[in-house]
Amino acid sequence: MRKTIGLFAHVDAGKTTFAEQLLYHTNSIRARGRVDHKDAYLDSHEIERARGITVFADQAVLSYRGDTYYLIDTPGHVDFSPEMERAILTMDYAIVIVSAAEGVQGHTETVWQLLRKHGVPTFFFINKTDRVGADAEGVLAEIRMHLAPDAVPIGDSMTADGVVGEPLRERLAERDEALLEAFLEGRGDPAYWLEALRSLIREGRIFPCASGSALQDIGVAEFLAQLHLLTTADYDEEAPFGGRVYKIRHDANDVRLTFVKVLSGSLRIRDGVAYESGGIRYEEKITRLMTFNGSRSHAVDRAAAGDLIAVVGLSAAETGQGLGICTDKPAYEMVPTLQSKVIFAELLNVKDVLRAFQMLNAEDPSLNVVWEESLQEIHLRVMGLIQLEVLEQVAKERFGMDVSFGPPEILYKETIRAAVKGYGHFEPLRHYAEVHLLLEPGERGSGIAFASVCHPNDFSTGNQNLVRTHLYERDHHGLLTGMPVADLKITLLRGAAHNEHTHGGDFREAAFRALRQGLEKADNVLLEPFYDFKIRVGIDEMGRVLSDIQRASGQFEPPQTMGYARDRLRPGARGDLHELRDRACLLHAWPGQHPLRLRRL
């Protein structure tokens, strides 16, 4: 059985140390590394070791009691949240590490929201129980209050061979009528209750929680045994091939490596793989297959359903891309709200610099690298300053380029206030296309939505799909500041083509012209990013913090107690990014402030 397990945590919760213990207990490594010793197995990049944080979502392969586990250690810093979210696409199960000393922190809540969005069954491990001031029971109460009301302790509630104890059976019975009846009547052998627990975990109705200390190797081996008993995977190797791209990398020779989670069937060298990217249909042959274990790789001839594999031969597949019978591509929630320009010496060829950053953009599409022709500048989007510092190091190490970045600017977006129609007509010599669109304001955070009311007899389904593809293939810039248009519902009202003169690309021009003409007629609105965040502070500091939020033009909710820490409060707050960024020194002076997530309101 093949299972993919993801590790998630707020920075410095002990996630990488926990991963080292799992690798050690499965005989995957001979000695346990440490982040502070700069020898952790999964933090193999020099940048990660120098900074002491996880930057890249790297994977390890381990075997335990006959099953194969793919372990992915995800970044815990908010600047690398897009890397973390892309890794979620591979997960069968997730383990969220929470510090017993610090409790639930900002990024913990962000991780939890993303895992719930993607429906990933989740375990909790309360770490650092050996620390002074640690309170595992209090943190469990906090998890139940702020994350998962159905978090249940399993440490002493299940034996090593999978016998579920009566207290845990009672908790299971509370969540299912059939289980309640079996519990009251004393029915069900150990296998029955073990399978019931597995089912509730898979369905996201129970979230097992254990505790210990990864640094001192307390409770990790026991948790591993329970994880093995409570996780299952059901992949069909006989079905047609289906997979999903979750990562793009380039090797030392700049060969493109496409990392794929095989979801069904199998994949062999020289197999053809079909997929669609940018409105173009591709059918490409696989030339190499490799498995990665940390920084090491080795070639294989075949990958089966449930495997994580690196593929050579897919030239245009993007992260999130479905392959084979999997055709969907999910939308990501973690999006940058800052943009910056690349600064480099005149001695460097701009084409070489652009080519290098386009390669980085393939690996991290959230960068959205663009060449601004009018300014003769390379622009990209980032989550924060630490990401820019890492990009400087990456450019130096991989491409030998000394680059820097301009001051980050807020990435605004634009939308419209009321419905409007736009008409696009494209008819140069021997070309013809016409598109009529209805533009309507959408819900905040909805992005671009498309619908069609054209009848196939009037405008073919294929042409309707072409219009949709072209509207989605790039960002469309607004009229107020030139920022991307968002929160817009586009309805295709009418289209026209000519049997002889309509060619590929004609509907692209007509659709873009219709959208542009509609925006020119519309009442346009500028959207500003908002921080939605929570702060953990002592009661004595609360007045100053709330005053600071008001001075930053923010709003706050009534503070809540921390559950177990009655001397500390958590007010929820929100404010626009411009005001919060201008008062950055004020915000950093708040003890324990934790931005939760970004959203546009």
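The values are calculated or read from the model by the stated rules, or taken from the named source; none is laboratory data. Everything numeric here is computed off the predicted structure, so don't read it as measured data. Every residue, glycine among them, receives a Cβ derived from its backbone with ideal geometry; neighbour counts consider all protein chains shown.
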**Message:** For the stretch 145-162, check the following and say yes or no: at least one residue is in contact (Cβ under 8 Å) with a residue 40 or more places away in the chain and part of a helix (DSSP H, G or I).
**Reply:** yes
**Prompt:** Just a yes or no: is a residue in the stretch 114-137 β-branched (V, I, T), part of a helix (DSSP H, G or I) and crowded, with 18+ Cβ neighbours inside 10 Å?
**Reply:** no
**Message:** Quick check on the stretch 444-473: of everything there that is among the charged types (D, E, K, R) and at pLDDT 90 or above, which residue is nearest to E528 (Cα to Cα)?
**Reply:** R468
**Options L360, L438; residue that is modelled with pLDDT of 95 or more, farther than 20 Å from A486 by Cβ and surrounded by fewer than 21 Cβ atoms within 10 Å (Cβ to Cβ)** = L360
**Complete:** Given the conditions (1) buried (at least 19 other Cβ atoms within 10 Å of the Cβ); (2) under 17 Å from I448 (Cα atoms); (3) in contact with a Lys or Arg (Cβ under 8 Å, 6 or more places away or on another chain), every one holds for Y531 apart from (2)
**Message:** Being in contact (Cβ under 8 Å) with a residue 40 or more places away in the chain and farther than 27 Å from H379 by Cα is true for just one of A511, A449, A522. Which residue is that?
**Reply:** A522
**Complete:** Residue hits (the stretch 200-224; touching an Asp or Glu at 6+ places or on another chain (Cβ under 9 Å) and part of a helix (DSSP H, G or I)) are L200
**Asked** Hey, does the stretch 403-414 have a residue that's of a type in the set (G, A, S), surrounded by fewer than 14 Cβ atoms within 10 Å (Cβ to Cβ), within 20 Å of H477 (Cβ to Cβ) and outside the structural domain of H477 (by TED's automatic domain parsing)?
**Response** yes
**Prompt:** Among the residues of the stretch 146-167, which ones are surrounded by fewer than 17 Cβ atoms within 10 Å (Cβ to Cβ) and more than 28 Å from D189 (Cβ to Cβ)?
**Reply:** P149
**Message:** Whether any residue in the stretch 194-206 is surrounded by 15 or more Cβ atoms within 10 Å (Cβ to Cβ), in contact with a Lys or Arg (Cβ under 9 Å, 6 or more places away or on another chain), of a type in the set (V, I, T) and not assigned by TED's automatic domain parsing to the domain that holds I309 is what I want to check.
**Reply:** yes
**Complete:** For the stretch 193-217, the count of residues that are of a type in the set (A, V, I, L, M) and farther than 21 Å from I143 by Cα equals 3
**Message:** Being surrounded by 15 or more Cβ atoms within 10 Å (Cβ to Cβ) and at positive phi is the filter here; which residues of the stretch 363-383 pass it?
**Reply:** N368
**Asked** Restricting the stretch 172-187 to residues that are of a type outside the set (F, W, Y) and surrounded by 18 or more Cβ atoms within 10 Å (Cβ to Cβ), which is farthest from N127 (Cα to Cα)?
**Response** A182
